[in-house]
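Below: one structure, written as structure tokens.
The values are calculated or read from the model by the stated rules, or taken from the named source; none is laboratory data. This one's a predicted model, so the numbers in the text were calculated from it and none came from an experiment. Here the Cβ positions follow ideal geometry from the backbone for every residue, glycine too, while neighbour counts run over all protein chains shown. Calculation scope for accessible area: heavy atoms of the full protein, side chains included, ligands and nucleic acids excluded. Shrake-Rupley method; radii C 1.70, N 1.55, O 1.52, S 1.80 Å.
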Amino acid sequence: LKSLKECYNHSLKGNHEFAIIAGPSGSGKTVLANRFAEIVAVDGGLFLSGKFDQLQQATPFSALSLAFNEYCNMLISSVDSQSVIIASALREALAQDAVHLIKVVPNFSLIMGDLCNIDADSGCVDAQKRLQYLLCRFVEIISDSSSRPVVLFLDDLQWADIASITVIRQILESSRSSRFLLVGSCRNDEMSDDHPIWNLISS
């Protein structure tokens, strides 16, 4: 918990940070993450969470979809000025690509409202690369537009698909994401030595 607090404090200085909670099943990873979420909430930060599923490994971006869908729903339900600013920033920056992002984050349509043209041409030479870029931009926009630090928690990274890992890498390498902390949780005893997550951590 102390290490997570230190990473969080570093992110408050305008940095983007990455932390991993590793351990076997039943070792208390989720309990630790929940305690950290409470600390972030008390501090006024924004805590988003998603979970990878062993049965959904063939579905790209599943945990990111869960986290961002929940956030969009929360954003549209809030009436505070900060939420209005973030929603406006998302609409302005992603309007042209909304039809693509909604495929992964359906609740983004709630933010776009009448501005979303679901009949727009959704053709793309490389749809997955476009979605990876848009998910990364989504994080950049909310972290840059929010007056609060943003924490994204992704559980069960041992079951993450390659497309999601690529997005995570892009988010961490982006110079646009400020005051952002990404926390991942994984069962390290269920991961082979060549699992892509190890390469991500080492880099």
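Label-to-label distance for residue 77 and residue 128 is 3.4 nm, based on points extended 7 Å past Cα in the beta-carbon direction. Of the DSSP H helices in the chain, those that are both long (alpha-carbon extent of 24 Å or more along the helix axis) and hydrophobic (Kyte-Doolittle mean at least -1.0) are 127-145.
Using the Cβ-Cβ distance between residue 3 and residue 55 with R0 = 45 Å, the FRET efficiency computed as 1/(1 + (r/R0)^6) comes to roughly 0.90.
Under 5 Å between amide hydrogens, built in the peptide plane, is the criterion, and for residue 102 it picks out nothing among residues at least 5 positions away or on other chains.
Protection proxy ranking for 147-155, 9-17, using the average of other Cβ atoms within 10 Å per residue and placing the highest first: 147-155, 9-17. When a 1.4 Å probe is rolled over the protein heavy atoms, the share of accessible surface on the chain that falls to carbon and sulfur comes to 49 percent. Solvent-accessible surface of the chain, taken per residue with a 1.4 Å probe and all protein chains present: 49 Å². Each Cα pair under 8 Å and six or more residues apart adds its separation to the average, and for region 1-71 the resulting relative contact order is 20 percent.
I need the calculated FRET efficiency for the pair residue 190 and residue 34, taking r as the beta carbon distance and R₀ as 30 Å, to the nearest 0.05. Efficiency, rounded to the nearest 0.05: 0.90. The lysines whose alpha-carbon is closer than 21 Å to the alpha-carbon of residue 5, local same-chain residues fewer than 8 away aside, are 13, 29. Near residue 49, the amide H atoms lying under 5 Å from its own belong to 153; only residues 5 or more places off or on other chains count, and H is placed 1.01 Å from N. Of all lysines in the structure, the ones whose alpha carbon falls short of 30 Å from that of residue 103, not counting any fewer than 8 places away in one chain, are 51, 129. Labels on offer are (1) 53, 38, 34; (2) 47, 38, 28; (3) 57, 35, 34, and the one holding Cα extents along the principal axes in Å computed from this structure is (2).
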